[in-house]
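For reference, the structure discussed in these notes is given below.
The values are calculated or read from the model by the stated rules, or taken from the named source; none is laboratory data. A quick note: this is a predicted structure, and the numbers were derived from the prediction, not measured. Positions of Cβ are backbone-derived with ideal geometry, glycine not excepted, and every protein chain shown enters the neighbour counts.
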Amino acid sequence: MQARPVTRLERDSLGTVEVPAGAYWGAHTARALANFPISGTPVSQHRELVRALAAVKQAAARANRDLGVLDAERADLLDRACDAVAAGRYDDQLVVDVVQGGAGTSTHMNLNEVVTNVALELAGRPRGDYGYLSPLDHTNRSQSTNDVYPTAVRIALVLASRALLSELEQLADAFAAKSRELADVVKIGRTQLQDAVPMTLGQELGAYATTLREDHERLREAADLLREVNLGGTAIGTGIAAPPGFASTVLAHLRVTSGVEVVGAPDLVESTSDAGAFLTFSGALKRSAVKLSKICNDLRLLSSGPQAGLGEITLPPRQAGSSIMPGKVNPVIPEVVNQIAFVVVGADTTVTMAVEAGQLQLNAFGPVVAHSLLQAVAWLTRGMATLREACVVGIGADAERLARLVARSVGVVTALAPDIGHAAAATIARTALTSGRDVVSLVAEAGLLEPEQLAQRLSPQALTSAAGPNHL
């Protein structure tokens, strides 16, 4: 019995290439594998990008069929193949490195070849039978890497941002719930790490919910900008090699295949060369990551100790904190979110440089933009979920310690300044600090306020109500 061949020969514009016989990819992918052994991360690791690319190919097949430049039989085969690729059944065939030269051509051709060979298999034909169905003449009809790839990246980021926005909303809700739970716990606020004036722990945690909700809006707005695409512009935005009406037809299909309400750019030449929307989205990601990291810094400070630190709140113990110090527990969940934020900030720098480096009618650095942003979104999404589930919902308060700190704090004298004057208040504060006596006894001794008035001014409600009602 004759052994099956282990390779097959495929040809591209540079010549003949050996390809594994069982591979759904072909010559272009084989060259990319040899050229770009960079990150070790295949494009299939970004599932949203695979889904988006398949959605673009599917929409193009339908549009080409509608416009009469692709027969119904081939269009149907490509349509079905795109469904299978989008579902993840051929992820092991999407093998090119996410970091590559060529403005995404290697990723695009990897997809063209896989979709084509899946379609050939559906037709009962052998892989590589490009005389019947070609990756370039049929699967890529009316398209270019220069409109397919950036369109797919935009759609992928919109899809990925949905999970991110959901997690951000849930994290804000978790802080809001904890704020309500600890609404009556009075503590001393701090500015520049020094004692300031009283507030409630609920107000402190509620502020985190508010700032996260503000970031939710900024990220949503930035993601909306990505819905404007240049599909139909082909090579440089002029629409060369595409039939009349292709742009509007393919976008109508793409809204269905992708589930994203894409709109066509008003100037396809400008849109093909411009990557500003990626920069805006990256900036919104960085903003959210930096602010989230600041919150994690606060959680680590507030929980520091437990004996020699602030020790105002407790975080859920997640694991032993030391190989040498028995009983030590560290704030590992906020720490990992801090590190995710560092990566997101670095990704923003990468995106900034890549967007700046475009020339003339195209930006060639889409692959590193796509990888940087999709990784940043994925890590930030997982980090938010981890912070919520493994930390925020389990935050506790040492109410007795906080009450003692408030009672001893000279910061409460600020509430008395409108009645006794700033100079007298400053004198009381200095005396309290040097003598160790409390503000209440010093004010009473000096006869500056009547006992009833003093009690009213220093009640928890009076001390903490100036920031306004907690509406979370």
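Numbers for the structure displayed
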quantity: Complete set of residues in segment 314-344 that are surrounded by 15 or more Cβ atoms within 10 Å (Cβ to Cβ) and farther than 22 Å from Lys178 by Cβ; calculated: Val343, Val344
quantity: Helices (runs of 4 or more DSSP H) (entirely within segment 264-356) containing at least 2 residues that are within 18 Å of the chain's Cα centre (by Cα) and within 20 Å of Leu165 (Cα to Cα); calculated: 276-302, 332-356
quantity: The lone exception for Ser304 - which of (1) over 29 Å from Ala357 (Cα atoms); (2) surrounded by 23 or more Cβ atoms within 10 Å (Cβ to Cβ); (3) out of contact with any strand residue (DSSP E or B) (no Cβ under 9 Å at 6 or more places or on another chain) it fails; calculated: (2)
quantity: Single condition Arg190 does not satisfy, out of (1) out of contact with any Lys or Arg (no Cβ under 6 Å at 6 or more places or on another chain); (2) of a type outside the set (Ser, Thr, Tyr); (3) assigned by TED's automatic domain parsing to the domain that holds Val263; calculated: (3)
quantity: Residue within segment 90-109 that is under 21 Å from Gly232 (Cα atoms), touching a residue at least 12 places away in the same chain (Cβ under 8 Å), hydrophobic (A, V, I, L, M, F, W, C) and surrounded by fewer than 22 Cβ atoms within 10 Å (Cβ to Cβ) present; calculated: yes
quantity: Qualifying residue in segment 22-39 (condition: surrounded by 21 or more Cβ atoms within 10 Å (Cβ to Cβ) and within 30 Å of the chain's Cα centre (by Cα)); calculated: yes
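A quick yes/no check of all residues on (1) surrounded by 20 or more Cβ atoms within 10 Å (Cβ to Cβ); (2) farther than 30 Å from Gln461 by Cα; (3) in contact with a His (Cβ under 8 Å, 6 or more places away or on another chain):
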| site | (1), (2), (3) |
| --- | --- |
| Gln361 | no, yes, no |
| Ala364 | no, yes, no |
| Pro367 | yes, yes, no |
| Ala370 | yes, yes, yes |
| Leu374 | yes, yes, yes |
| Leu380 | yes, yes, no |
| Val393 | no, no, no |
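Table: residues versus (1) without any contact (Cβ under 8 Å) to a residue 40 or more places away in the chain; (2) under 18 Å from the mean Cα position of the chain (by Cα).
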site	(1), (2)
Arg125	yes, no
Gly128	no, no
Leu136	yes, no
Val148	no, no
Val158	no, yes
